[in-house]
1. Only one of these is touching a Pro at 6+ places or on another chain (Cβ under 9 Å), outside any loop (DSSP other than H, G, I, E, B) and modelled with pLDDT under 90: ALA135, ALA173. Name it.
2. Of the residues that make up the stretch 39-61, is at least one more than 23 Å from ALA28 (Cα to Cα) and surrounded by 17 or more Cβ atoms within 10 Å (Cβ to Cβ)?
3. In the stretch 87-108, which residue that is touching a helix residue (DSSP H, G or I) at 6+ places or on another chain (Cβ under 7 Å) and not hydrophobic (A, V, I, L, M, F, W, C) is nearest to THR33 (Cα to Cα)?
4. Among the residues of the stretch 26-33, are any open to solvent by 30 Å² or more (accessible area, probe 1.4 Å) and in contact with a strand residue (DSSP E or B) (Cβ under 9 Å, 6 or more places away or on another chain)?
5. Applying the selection to the stretch 93-125, what residues are part of a helix (DSSP H, G or I) and either open to solvent by less than 30 Å² (accessible area, probe 1.4 Å) or within 30 Å of TYR146 (Cβ to Cβ) (or both)?
6. Determine whether the stretch 176-186 contains at least one residue that is farther than 14 Å from THR160 by Cβ and at pLDDT 85 or above.
7. If I ask for residues that are of a type outside the set (A, V, I, L, M) and assigned to a strand (DSSP E or B), which ones from the stretch 71-86 would you list?
8. Would you check which residues across the stretch 17-50 are farther than 15 Å from VAL75 by Cα and part of a helix (DSSP H, G or I) and list them?
Amino acid sequence: MMNLAGCRCLIVGGGPIAERKLRSLLQAGAEVTVVSPTFTAGILGLENRSDVMLKKQIYDPMIWGCHGEARYALVIAATNDSHVNQQIAQKANAQGLLVNIVDKPELSSFILPSVVRRGKLVITVSTGGASPSAARKIAKEIDKTYGDEYEIYLDFLSETRLLIQNQVQDKAARQRLFKEMLAWDLMRLIREGKFKDWKVKFDIALQGAAWMQTQEQGESELSSWSFINDLAARIGGGDE
């Protein structure tokens, strides 16, 4: 996966495929220029965003090159003209740019997969160009399985993991704590709307733990989750 946050990208084409590619790039944090004589209503609806620039014109090689230097991190050719798409591929490859040709995966240097995002959770689906429609279908099925609760769950794991990394010096102890966290039935609490209250109690209990008061843990003060056994019992029993 490539970090596109803040990267400038170019899409040549203004149809439904171009719109899907545009939305995927925007989700990844890219700044996108879209070039086409016409645009879908969906693309036009994004025109006022600061990270979107629409150029209503036919393809011109000078659009994505400036004084011989590449202006974009990657280029996507999504026109309905295979000859134009091939021209874009040749010029991009000549300049060493990443290029995706939507109707010719063999001419592409990368494939933009279907993506399901839930905060820090990113699931990509690709058929290697064999069937983009199948990839989108599978992504929709995954989208139904992994709901918004995963964003809350992973934010909690990330926050707690960072705290443990800063506080627990022993690597084996850290790994044990991380593994034990995964056994907690937090997804049910999130889905039932009980996680927020549980999290308040968890934070209080965590800050009161002996091993959280110092970074020097002796053998008799090994870090563990035993101090929240009561909370764990409540998770299992369904109490608030």
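The values are calculated or read from the model by the stated rules, or taken from the named source; none is laboratory data. It should be emphasised that the depicted structure is a prediction, and the values quoted were computed from it without experimental measurement. Note that each Cβ is placed from the backbone with ideal geometry, even for glycine, and that neighbours are counted across all protein chains shown. When the accessible area is computed, the model is the full protein with side chains, heavy atoms only, and any ligands, DNA or RNA have been set aside. Shrake-Rupley method; radii C 1.70, N 1.55, O 1.52, S 1.80 Å.
1. Working: ALA173 fails: touching a Pro at 6+ places or on another chain (Cβ under 9 Å).
None of the other options fit; the residue is ALA135.
2. Keep residues of the stretch 39-61 that are more than 23 Å from ALA28 (Cα to Cα), which gives 56-61.
Restricting the remaining residues to those that are surrounded by 17 or more Cβ atoms within 10 Å (Cβ to Cβ) gives 59.
Checked the stretch 39-61: at least one residue is more than 23 Å from ALA28 (Cα to Cα) and surrounded by 17 or more Cβ atoms within 10 Å (Cβ to Cβ).
3. By that ranking, first place goes to LYS91.
4. Restricting attention to the stretch 26-33, the residues satisfying the condition of being open to solvent by 30 Å² or more (accessible area, probe 1.4 Å) are 27, 29, 31.
Subset that is in contact with a strand residue (DSSP E or B) (Cβ under 9 Å, 6 or more places away or on another chain): 27, 31.
Yes, the conditions are met somewhere in the stretch 26-33.
5. Narrowing the stretch 93-125 to residues part of a helix (DSSP H, G or I): 93-94, 105-107.
PRO105 - this is the single residue of the stretch 93-125 that is part of a helix (DSSP H, G or I) and either open to solvent by less than 30 Å² (accessible area, probe 1.4 Å) or within 30 Å of TYR146 (Cβ to Cβ) (or both).
6. Restricting attention to the stretch 176-186, the residues satisfying the condition of being farther than 14 Å from THR160 by Cβ are 185.
Still in the list and also at pLDDT 85 or above: 185.
Yes, the stretch 176-186 has at least one match.
7. First, the residues of the stretch 71-86 that are of a type outside the set (A, V, I, L, M): 71-72, 79-83, 85-86.
Within the stretch 71-86, none qualify.
8. GLN27, ALA41, GLY42, ILE43, LEU44
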